[in-house]
Amino acid sequence: MSEHLIEIKDLAFSYTDRPILKRVNMTMSRGQVIAIMGGSGSGKTTLLRLIGGEVKPSAGHVEVAGQVVHQLSRNELFKLRRKMGMLFQFGALFTDLSVFDNVAFQMREHTNLPESMIRDLVLMKLHAVGLRGASHLMPAELSGGMARRVALARSIALDPLLIMYDEPFTGLDPISLSVIGSLIRRLTDALGMTSIIVTHDVQESLKIVDYVYFLADGAIAAHGTPEEVKGSTMPFVHQFVHGEEDGPVPFHYPAETYRKDLKLEVQFV
Amino acid sequence: MYKRIAAGIQAIGHRAIDGIWRLGCAARFFILVLLKSTTSFLRFGLVIREIYFVGVLSLIIILVSGLFVGMVLGLQGYETLQKYGSESAVGTLVALSLVRELGPVMSALLFASRAGSAITAEIGLMKATEQLSAMGMMAVDPVARVVAPRFWAGVISMPLLAALFSVMGVFGGYLVTVVFIGVDEGAFWSSMQNAVDFRYDIVNGVIKSCFFGVAVAAIAVFEGFDAPPTAEGVSGATTRTVVTSALAILGLDFVLTAFMFRGVD
Ligand SMILES: Nc1ncnc2c1ncn2[C@@H]1O[C@H](COP(=O)(O)OP(=O)(O)OP(=O)(O)O)[C@@H](O)[C@H]1O
Ligand SMILES: [Mg+2]
């Protein structure tokens, strides 16, 4: 067995007829922070769902810690998931539980720790995201950025082997943004885990990651270390890093021509 | 013309197949919930918490409705019975109507619209906001952790609420006929005591409300879990819970009554 925590081989997936992922290959090692970037709708969230075993690939496979995810039985999958954390794109906090209980959720479900220890652990996690004082609030009383940070605290609750962050930086002010960025880096280094960050925040993430994958058109369009990415002359990467509208990454979802959609044809002919 | 008729028939067929398909899904889901109920009983606190939400918070509407239904029964019963000079039998009328029919049926209808809709909306919203996915990713089964406790809370609350409904109804009937109209109190209670049989009336009433509880709770959790993860999806599912529950309650009531009270003593 290799030291790779995750191996993705020729992965393909589609929800309906339209293929979302066509042929994705990636490897990720322990102790790495990996960024996945790509246009909106390019399938980044879907890729995380595939790694977590929430949906099954139509071809290829994902291997986590030597196990092929989609071949696992339900019990084995749940066992594997105990070692994974996931920060959902929209937080997905449990709205009927307080901030404290949200972070404590997995500890109560999966461990027999005494309540006093759970309390200390939860407060530590909340402290790390700067929200120890908000532990008694309900999710509805949080701002968007606060909810996201609570969700982050919840996803690291059990110190998993692998954490997937779906856009951890959106909705954060510049200060919390760099705090959270370095938190992800420190956690990864301290616990020897692997972190996958899906993000649009190129500048911030290039500061903390070890490796970057660019997802486009259902496949990995480019990949490299932050230095390689910054120096890359590939038009695709250049467009992404500098946020230009024109380039190989289309801004528009595939559609009829604009004129046809607006029914302009008739008037002009 | 021919084509339109064919299309119409086809549409009916499609709806029938869809309906049966959903029924099958619901049945499978029901069995799944039963299979995953062990957590609910090992950690009964989860169920108790939900009993508070579906049962205790339904108390007011159940108690008030029971009181009014009993009062109306008392009035109407007295009105008719006194024509035949047998107004003392009004206690029997009130108690039997409540225990056999109105208690279980009315409280189940109220329960479906108060608690069933709330269960559907809550589970549907948890799904729409990815809370159920998140729970699954934390290796906690949402059917065992979220659905089953709500189901059992509904099943347990329903007979208790129906009993309270009947009690309040009898009290309402007493209030109107004895206190306000002046029917003899002794006659009211003794006719009731003579006519109501524990096994035949009360136990059958409780059995009915147990069936209704299972039906309403199963429909509510299924609709919530099956709801499309959007605002319209959840609102549609909530409406369906109330409508389907009402039909199920009334249909079941007929079947159960046919089995229980066939006029043979
Ligand atoms: N449940 C679903 N059913 C059908 N299609 C879906 C579903 N979820 C996502 N898609 C489609 O899959 C594609 C990829 O979606 P995904 O959520 O993975 O994108 P993304 O890269 O995470 O985008 P963003 O950066 O905007 O979050 C989209 O085009 C979307 O239309
Ligand atoms: Mg996404």
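The values are calculated or read from the model by the stated rules, or taken from the named source; none is laboratory data. Here the structure is a predicted model, which is why all the values come from computation and not from measurement. Note: ideal-geometry Cβ built from the backbone for every residue, glycine included; neighbour counts use all protein chains shown. The accessibility values were calculated without ligands, DNA or RNA, using every heavy atom of the protein model including side chains. Shrake-Rupley method; radii C 1.70, N 1.55, O 1.52, S 1.80 Å.
Of the strands (runs of 3 or more DSSP E) lying entirely inside region A:1-120, those containing at least 1 residues that are more than 12 Å from every other protein chain (Cβ to nearest Cβ) and within 16 Å of ligand 2 (Cβ to nearest atom) are A:4-14, A:19-29, A:33-38. Residues in region B:180-212 that are open to solvent by less than 20 Å² (accessible area, probe 1.4 Å) and either in a loop (DSSP other than H, G, I, E, B) or under 18 Å from residue B:23 (Cα atoms) (or both): B:183, B:212. Counting the residues of region A:33-59 that are away from ligand 1 (no atom under 16 Å from the Cβ) and open to solvent by less than 40 Å² (accessible area, probe 1.4 Å) gives 1.
Look at (1) open to solvent by less than 50 Å² (accessible area, probe 1.4 Å); (2) within 24 Å of residue B:118 (Cα to Cα) and you find that residue B:23 fails only one, number (1). Could you please let me know if residue A:102 is closer than 18 Å to residue A:163 by Cβ and either modelled with pLDDT under 90 or of a type outside the set (Gly, Ala, Ser) (or both)? Here the answer is yes, as residue A:102 does meet what is asked. Screening residue A:30 with (1) among the charged types (D, E, K, R); (2) under 17 Å from residue A:197 (Cβ atoms); (3) within 13 Å of ligand 1 (Cβ to nearest atom) gives one miss only, at (3). Comparison of B:62, B:123 shows that the only residue that is crowded, with 18+ Cβ neighbours inside 10 Å and either within 12 Å of chain A (Cβ to nearest Cβ) or free of Cβ contacts under 8 Å to residues at least 12 places away in the same chain (or both) is B:123. Scanning region A:149-167 for residues that are within 16 Å of ligand 1 (Cβ to nearest atom) and open to solvent by 10 Å² or more (accessible area, probe 1.4 Å) turns up just one, A:167. Go through the residues of region A:14-22 one by one and say whether even a single one is in contact with a helix residue (DSSP H, G or I) (Cβ under 8 Å, 6 or more places away or on another chain) and more than 9 Å from ligand 1 (Cβ to nearest atom). No, that holds for no residue. The set of residues from region B:223-265 being open to solvent by 80 Å² or more (accessible area, probe 1.4 Å), more than 26 Å from residue B:147 (Cα to Cα) and either acidic (Asp, Glu) or modelled with pLDDT under 90 (or both) comprises B:259, B:262, B:264, B:265.
Being within 16 Å of ligand 1 (Cβ to nearest atom), in a loop (DSSP other than H, G, I, E, B) and closer than 18 Å to residue A:42 by Cβ: is that true of residue A:236 here? In short, no.
As a summary of the residue check, residue A:64 satisfies the conditions (1) within 16 Å of ligand 1 (Cβ to nearest atom); (2) surrounded by 14 or more Cβ atoms within 10 Å (Cβ to Cβ) except for the one numbered (1).
Residue-wise test of (1) out of contact with any helix residue (DSSP H, G or I) (no Cβ under 6 Å at 6 or more places or on another chain); (2) of a type in the set (A, V, I, L, M, F, W, C); (3) closer than 30 Å to residue A:98 by Cβ; (4) more than 16 Å from ligand 2 (Cβ to nearest atom).
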site	(1), (2), (3), (4)
A:161	yes, yes, yes, yes
A:170	yes, no, yes, no
A:186	yes, no, yes, yes
A:201	yes, no, yes, no
A:241	no, yes, no, yes
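The set of residues from region A:200-224 being assigned to a loop (DSSP other than H, G, I, E, B) and either within 29 Å of residue A:58 (Cα to Cα) or open to solvent by 40 Å² or more (accessible area, probe 1.4 Å) (or both) comprises A:200, A:201, A:210, A:217, A:218.
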